[in-house]
Structure formats: C-alpha cells, structure tokens
Amino acid sequence: MGGLRWIQLLRVERPRWVQAACYLASVGLLLGLWQYVGSDFGVLFAPLTTTLQELVTLTANGTIGPAMAVSGQIYVLTLGIDLVAGVGVGLALARLRWFAASFEPYVFILYAAPTVALVPVAFAVFGFGVTAQVVIAVLISVFTIVFSVAEGARSIPRIYLDVAATYGSTEAQLWRDVILPYVMPFLMTGVRQAIPMALVGTLVAEFFLAANGVSGLLIEGVTEFQAAKVLAVTVLVSALAIVLVGVGELVERLLVPWRHTIDG
Amino acid sequence: MATHNRRLTLARAVDGLPSIGRRALWPVVTGLALVVVWEVGARARLPAYVARPSGIVAAFPSVVTTPLFWADALSTCSAIVEGVVVGTFVGAVLGLVMGRVREVGWLLAPLVRSLYSMPLIALVPIMVLWMGYTQTARLVAIVVAVLLPVAVSTSDGARLLSPDFLDVGKVFRARPHQVWFGIALPAALPQLLAGVDIGIGRAFTNGVAVEVLASVTGLGYQLFDEAQSLRDAVSFVYVIALAVFAIAARTGVRMLSRRLAPWYRPREPTAPGRLRREPAQVVGA
C-alpha cells in the first residue's frame, strides 16, 4: 500500500514552475557538462565559452553572413517549390484516379528511397548549381506536404460533396468552397513538418553538391580540425532548426486555429 | 464526349482484368513510359556520361557480379542493421522511461526533441571529427539517426496510453515491471515501430553521408566514386541497390507493425497500400 501511495504522489499534477525548472535544469546540465568536458579534451572539442566566442568572431569577420545568404536562398526556393508541388501532387493523387493509379507507387519509391543516393543523378542532369541543390532539397522535404494534402483530400466526407452537388455548385465553386477549405488544415500539418525538413534538405544538398553555404563552413572546420568552428556553426544550425520548428507550429496555429490538437 | 466514352470503355476493359493484374497495369504502363521519356530525353539533350536506362541495364550484370559490390553491400547493410538494432533498443528504453516517469520526461524531452528536429546531417562533421575517418563514425551516426525518432515516438506512445490499461493493471495488482513491459511497452509498440521506420530512412542518409565525407567504404562511397569518374550508369546501379535495401527494410518494418499492431493506423506518411482504398470520386458528376 505504501508503494501505491508513493506512486500516487508522483502522479500528482505538478505546478508549471516545476516543469519549467526541469526544462531549465536539463539545458543547464547540458551546457555545464559541455563546458566541463570541453575544457580539457584537446583539439577535438572546445568548451562552450570558446565556441560562443568563435561564433561571435565568425559573425564579426563576415564569414557567417554570406554563407547564411547562400543557404537561405536555397532554403526559400525549396520551401516555395515544396508548397506548390506538394499541393499539386497531393491533390492530384487524391482526386485524379488515373494519376493515383499510375504514379502512386513511384511517388512512394521516391519518398522511401534514400534521396542522398540521387545526388549524382541531379548533378549529372543539372550541374553544380543552385538548381541541382534545390531539386535534392525539394525531394527531401516535399513529401510531408504531398501525403498530408492527399490524405486530407481523400478524407472529405461524401456528404459534403453531395450537398455541393445538390445545390448545383460548379466545379470551380466546389474546389473553392469545399475542397480547399477542408484540405487547409492537412496542408498546414504538412507545411509545419516541411519547414524544418527543408533545412535538412538544404544542408544535405549543400554537403553533397557544392559545399558553399553553411555546410561549407562545417566541412572547412572538419578538414582544418577547428573544433570551435564546427561546434559554433552546429550550434547556429541547431538554433535555426529549433526556431524553424517553432515558426512552423506558429504558422499552423495562426492559419488553422481550430485544429492544432488533432495530431501530435 | 467521344473521348469520355472511349475512356469509359478503357476503364471497363481494365476492370475486367483479375485484381492483381488490374492494380499493376497502370504503374507498369507509366513506368515504361517514364523509362522511354528518360532514354529519349537523355539521348537528345544530355551529355553522354549521364545515365540512361539502356546504359544502366548494360552495366547492371557486370556490377552485381563483382565481389566489390557485394563487399560494399555487406559493409553498408551490416552497419545499418547493427545501428538499427542498437538504436532501437536504446531508443525504446529511453522512450519508455521518458514516457512513464514524468520528471525524467521533463528533464530529457527538451534535449531529445530538439535533437530530433535538428538536421542530423549537421552533426555528421562533428562525429567525423571525433571518431575519425572510421567505420565507428558511420555506426554512431546510424545509431543516433535511429535512436532519436524511436525515443520520441515511444515516449509519446507510452505517455498517452489509455488509463484503462493502467487501471486493469492496478486491479490485477501488476508489479511495476509488469506494468512497464506487459502494458506500456506493447501499447507503445506501434509508435516504436513507426519511429524505427523513420529512423531507417534517416539511417541510410546518415550512413551514406559519413561514407562520403569520411571515405568509409560502402555502397554510398562507391556510388559517389563512380559518379566522379563519370561512370554514371555504374553509379546508378548503386542507387538502385541502396533504394532496394532501404525500401525493403522499411516495408519489412511496416509489415511487422501491421502484423503486431493491426489496430494502428499512422496518420502521416502512409504507404500507398494503407491509404483509403475507395476510388477518388468524380466530383460534381
């Protein structure tokens, strides 16, 4: 019985500040550990303070800015194409029978196969430029939107379509007033996931095609054995990724406030 | 109208086929069309070294009969299998603890979740820096790629399990280890397997990334090496090999999930077979 009461004690709803304290403690623990381990690890690791100094230096001497601009260009192009292509292919998969019947297996193969392996193909066809990088980045990040939109468009209840048909709506009205609004939350779920995935795609494309942006700095750091530089850029990218995940959630919450709880 | 009728006749003719033939017909036709477009397009517009179907078919037997190919395949696949097993085990234990012990969840969730949503490829350079240009770096990169999604989704599954299950456990006086491994683990199993599915996809990307960046022998390294020597047809055989291995592994995990947890329907990236089967309706008709 005593054991049971102890368990119940654990299950008691804790105030928010305990939760917040746990979060802070975990971040603090990590940073402290980093500083401690980094101080006497030799050339392959750098303590937190050195890393942050390096980040400031890299920003001040104009290394980070241009690299971010290069990567940013790929990122923005990728996300834009993801949106257009993802919505187009997703709707087509769901509402055009012939398209789904003939292309669905190939869409799935492209999704499940390791996209990195297609880098040489993209290079052979498009060369070393931004085009090839964006193609690879899109192939990595577009499928969350495709599958989400397709699932949304497939799950429109029959009765909505029947009502629209009863009231004699035209094809265009049907799309504008029924299908697109219904698909919108599904689209935003896909977009929320695509926002960080496009960053993954950007980095992969840079690593393998032309290491010119942020990834270029990472590879430079590794080949020159500059641990502080590698860590500084990694921290920057991680912070960026976390911010982007937050932006994705915010966008979804702002545009479809009625449905941010349905999936996790 | 004429085209409409013709399409109807075609549809009826297709419907007359046995079901497997009917389902395979359209993809096969499309596949052949894509191959023809690729062949003709590459011949017409692209330089000679770019891979085209005829070249790939010609290169295929000579590549898959070399011992090098099988040595590379063995090297990459055994690293992936080893990494997936270790990553799944560690990730599942971590996820269970994070999901069932709330304080541990609060402490670790921010770290694990932010690592999970981070582009793991950005960590590959550090791993190479620390572990050198070795197979260990590749293994660790694969383990991390599998561990994080497994931990995150297992902890979700273990945390959100139905209170009814726990009540039944309480009524039958289940011991803590029985609650953990008899109730929480099976209940979280489908999420765990969904995590493994995502993890395998990332494992291939990370494995290839380390092979290329750190010159570790394997399918990925050889793939890029052949492409750099402008033997794109040979390189594409390696692309096919990697894709076949990755898709086979993921399909295996999905089948396992369907066998072990038939009630579970994942919401996101779905295999074609799992999407709603009713035909897309002709809207407004």
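The values are calculated or read from the model by the stated rules, or taken from the named source; none is laboratory data. Computed from a prediction, not measured in an experiment: that's the story for all the values here. Cβ placement follows ideal geometry from the backbone for every residue including glycine, while neighbour counts extend to all protein chains displayed.
Details
- Helices (runs of 4 or more DSSP H) fully within region B:15-116 counting 1 or more residues that are free of Cβ contacts under 8 Å to residues at least 60 places away in the same chain, facing another protein chain (nearest Cβ under 9 Å) and farther than 30 Å from residue B:182 by Cβ: B:19-45
- Candidate set from region A:205-246 (those that are among the β-branched types (Val, Ile, Thr) and in contact with a Pro (Cβ under 8 Å, 6 or more places away or on another chain)); member that is farthest from residue A:59 (Cα to Cα): A:245
- Of all the numbered requirements in (1) in contact (Cβ under 8 Å) with a residue 12 or more places away in the chain; (2) out of contact with any Pro (no Cβ under 7 Å at 6 or more places or on another chain); (3) within 12 Å of another protein chain (Cβ to nearest Cβ), residue A:121 misses one, and that requirement is (1).
- Among all positions in region A:242-263, there is no residue which is within 12 Å of chain B (Cβ to nearest Cβ), within 30 Å of residue A:157 (Cα to Cα), among the small types (Gly, Ala, Ser) and not in a helix (DSSP H, G or I).
- Restricting attention to region A:203-233, the residues that are hydroxyl-bearing (Ser, Thr, Tyr) and surrounded by 22 or more Cβ atoms within 10 Å (Cβ to Cβ) add up to 1.
- Only listed residue being part of a helix (DSSP H, G or I) and within 14 Å of chain B (Cβ to nearest Cβ), chosen from A:72, A:65, A:80, A:86: A:86
- Of all residues in region B:125-139 being more than 8 Å from every other protein chain (Cβ to nearest Cβ) and either among the charged types (D, E, K, R) or assigned to a helix (DSSP H, G or I) (or both), the one that is farthest from the chain's Cα centre (by Cα): B:131
- Restricting A:154, A:158 to those that are modelled with pLDDT under 90, surrounded by fewer than 13 Cβ atoms within 10 Å (Cβ to Cβ) and within 10 Å of chain B (Cβ to nearest Cβ) reduces the list to A:158.
- The residues on offer are B:204, B:172, and the sole one that is under 26 Å from the mean Cα position of the chain (by Cα) and more than 16 Å from residue B:94 (Cβ to Cβ) is B:204.
- Residue that is touching a helix residue (DSSP H, G or I) at 6+ places or on another chain (Cβ under 9 Å), of a type in the set (Ser, Thr, Tyr) and more than 19 Å from residue A:215 (Cα to Cα), where the choices are B:217, B:205: B:217
- Subset tally (residues that are part of a helix (DSSP H, G or I) and either charged (D, E, K, R) or over 18 Å from the mean Cα position of the chain (by Cα) (or both)) for region B:226-265: 14
- Each residue in region B:217-239 was checked for being at the interface with chain A (Cβ under 9 Å from one of its Cβ atoms) and either free of Cβ contacts under 8 Å to residues at least 24 places away in the same chain or of a type outside the set (D, E, K, R) (or both), and 12 of them qualify.
- Helices (runs of 4 or more DSSP H) enclosed by region A:124-216 - at least 2 residues per element that are among the aliphatic types (A, V, I, L, M) and under 19 Å from residue B:198 (Cβ atoms): A:130-141, A:143-154, A:180-208
- For region A:118-177, a residue qualifies if it is polar (S, T, N, Q) and closer than 17 Å to residue A:75 by Cβ, and the qualifying residues are A:131, A:133, A:141, A:144.
- Taken across region A:33-46, residues that are in a helix (DSSP H, G or I), at pLDDT 80 or above and within 25 Å of residue A:204 (Cβ to Cβ) do not occur at all.
- Filtering region A:207-222 to residues that are more than 9 Å from every other protein chain (Cβ to nearest Cβ) and modelled with pLDDT of 80 or more leaves A:209, A:212, A:213, A:216, A:217, A:220.
- Residue match in region A:162-174 (condition: more than 9 Å from every other protein chain (Cβ to nearest Cβ) and touching a helix residue (DSSP H, G or I) at 6+ places or on another chain (Cβ under 7 Å)): no
- Flag if residue A:30 is under 25 Å from the mean Cα position of the chain (by Cα), in a helix (DSSP H, G or I) and away from chain B (no Cβ under 12 Å): no
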